[in-house]
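See structure below.
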Amino acid sequence: MKKYLTILCFLCTIQLNAQLEFDHKEFTKAMCSAEFHGRGYVNGGDSIAAAYIASKYAEIGIAPVSETYYQTFDFGVNTFPSQCDVLFSGQILIPGKDYIATATSSGTCTQQPCKPQKYYSKFISGKEFLETIRKRDLRAFNLKEKQILIVKNEGYSVEISRQISYLISQYAEFQPIIELVNKKFTWSVSSIRQGSLHLKIQSSAIPNQTDGLEIKINIYNRFLNNHISRNVFGMIESRKKAKSTIMLTAHYDHLGRLGSETFFPGGNDNASGVAMMLSVAQRFKNKPLRNTNILVVAFAGEEIGLLGSKYLSEHPVTPLDKIKFQLNMDIMGSGEKGITAVNGKVFTKEFKKLQKMNKRLKAVSVVKSRGKSANSDHHYFTEKGVPGFFIYTMGYNQNYHDIYDTFEALTFSSFEGLSALFEKFIRHL
Ligand SMILES: [Zn+2]
């Protein structure tokens, strides 16, 4: 009998120790795959991601607060869902690598079937462009029929270059235009569409920069007036009656597709952050807090202007004054150079606690603090008086809003350590 009891106790111990761990790599890899279309607005990528995240909530045991995991809202968004072809002097350019249509750009076609538009190059320097545009007369560019202006925006100071780029985008309200650059692309997504085409092309992709070259452009563009996106939220209940709530958040949307071949995987930004959120959530499911609920929210619409978090802050599912703290996680795939906590300089008591715990756990080499910043989904909650940090990792991975922000480029160097650190920090708030 004693022998059986011993075996039984041994099995109990195994059961107790068999705390589930969330497979963050498998999750991130799926989120970055072509089937998720860059979690944007082409082929319902954001919706596919939302459903996948909800399935993970169910697996972990995060319960829906209402009848579903979803909170829906809508907005307008500019998209490039199909043809995206640029042929420059007979050479095929690759979207995302050699060129981008800016987020606010029109295409060359809004009705299928689309035919390529033919243009001829007219190169000018950024300085010449600035001087001419100041005359406030577009005729001063002396463009002949079918000529397209190609502005060389390179070799200038950051400020001048920004000014040139801004004025080019103003010009694109009326006329198609190409901007030649020699720095990495940082794409985005917009709820505004300009009247005409604004392409950015890498200077290195155009070896021959002379006037009169033939350029064929075929870019199908579609503006979605009322695109529906979904925040995905659920709750891990406290063991005893809850007195307050802690909110774990991360945005899951990214930039989507630029044409049918190119998509932006958004590995670091922010498949990795959602993975971290779920990893921390799993820890609290394994061992819930005594009197504090954990509200888990994967936000949509961040990249287009924090729209998902704005919506939730205006339509809260739990009273905002009962939220003790928000931990918002964005860019969690590296960490070789530590982490930064936005709002660390605002909530100093909590920041010192985080630093102290990191010293003990050695999750990362350094924990830095910043003041307030409207740069992620904590912003609208901070403005409404909810204390919280937005934490991001720092490291060697500089791929940001480009086609190189892939699952394969992530090191996850501090992932497990940070997951443990965040758990401990929250347990001691
Ligand atoms: Zn982000």
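The values are calculated or read from the model by the stated rules, or taken from the named source; none is laboratory data. As the structure is a computational prediction, the values presented were derived from the model and not from experiment. Note that each Cβ is placed from the backbone with ideal geometry, even for glycine, and that neighbours are counted across all protein chains shown.
Brief remarks follow.
- Strands (runs of 3 or more DSSP E) enclosed by the stretch 302-400 - at least 1 residues per element that are within 16 Å of the ligand (Cβ to nearest atom), more than 19 Å from Val232 (Cβ to Cβ) and not assigned by TED's automatic domain parsing to the domain that holds Val232: none
- Annotation for the stretch 240-260: at least one member residue is surrounded by fewer than 24 Cβ atoms within 10 Å (Cβ to Cβ), touching a Phe, Trp or Tyr at 6+ places or on another chain (Cβ under 7 Å) and under 24 Å from Ser33 (Cβ atoms).
- Scanning the stretch 169-203 for residues that are among the aliphatic types (A, V, I, L, M) and more than 22 Å from Ile94 (Cβ to Cβ) yields one hit, Ile192.
- Tally of residues being over 16 Å from Thr132 (Cα atoms) and surrounded by fewer than 16 Cβ atoms within 10 Å (Cβ to Cβ) across the stretch 148-163: 5
- In the stretch 244-262, the residues that are away from the ligand (no atom under 16 Å from the Cβ) and of a type in the set (A, V, I, L, M): Ile246, Met247, Leu258
- Filter result for the condition that a residue is assigned by TED's automatic domain parsing to the domain that holds Ile100 and either in contact with a Leu (Cβ under 6 Å, 6 or more places away or on another chain) or modelled with pLDDT under 95 (or both), over Glu154, Glu131, Glu159: Glu131
- Candidate set: the stretch 263-275, residues that are closer than 26 Å to Phe389 by Cβ and touching a strand residue (DSSP E or B) at 6+ places or on another chain (Cβ under 7 Å); chosen: the one farthest from the ligand (Cβ to nearest atom): Val274
- Per-region count, the stretch 377-398, residues crowded, with 22+ Cβ neighbours inside 10 Å, under 17 Å from Ile246 (Cα atoms) and among the hydroxyl-bearing types (Ser, Thr, Tyr): 1
- Checked against (1) outside any loop (DSSP other than H, G, I, E, B); (2) within 16 Å of the ligand (Cβ to nearest atom), Glu179 passes all but condition (2).
- When Val280 is tested against the conditions (1) touching a helix residue (DSSP H, G or I) at 6+ places or on another chain (Cβ under 6 Å); (2) under 13 Å from Gln71 (Cβ atoms); (3) away from the ligand (no atom under 16 Å from the Cβ), the lone failure is (2).
- Within the set Ala275, Ala281, Ala298, Ala271, the sole residue that is in a strand (DSSP E or B) and at pLDDT 95 or above turns out to be Ala298.
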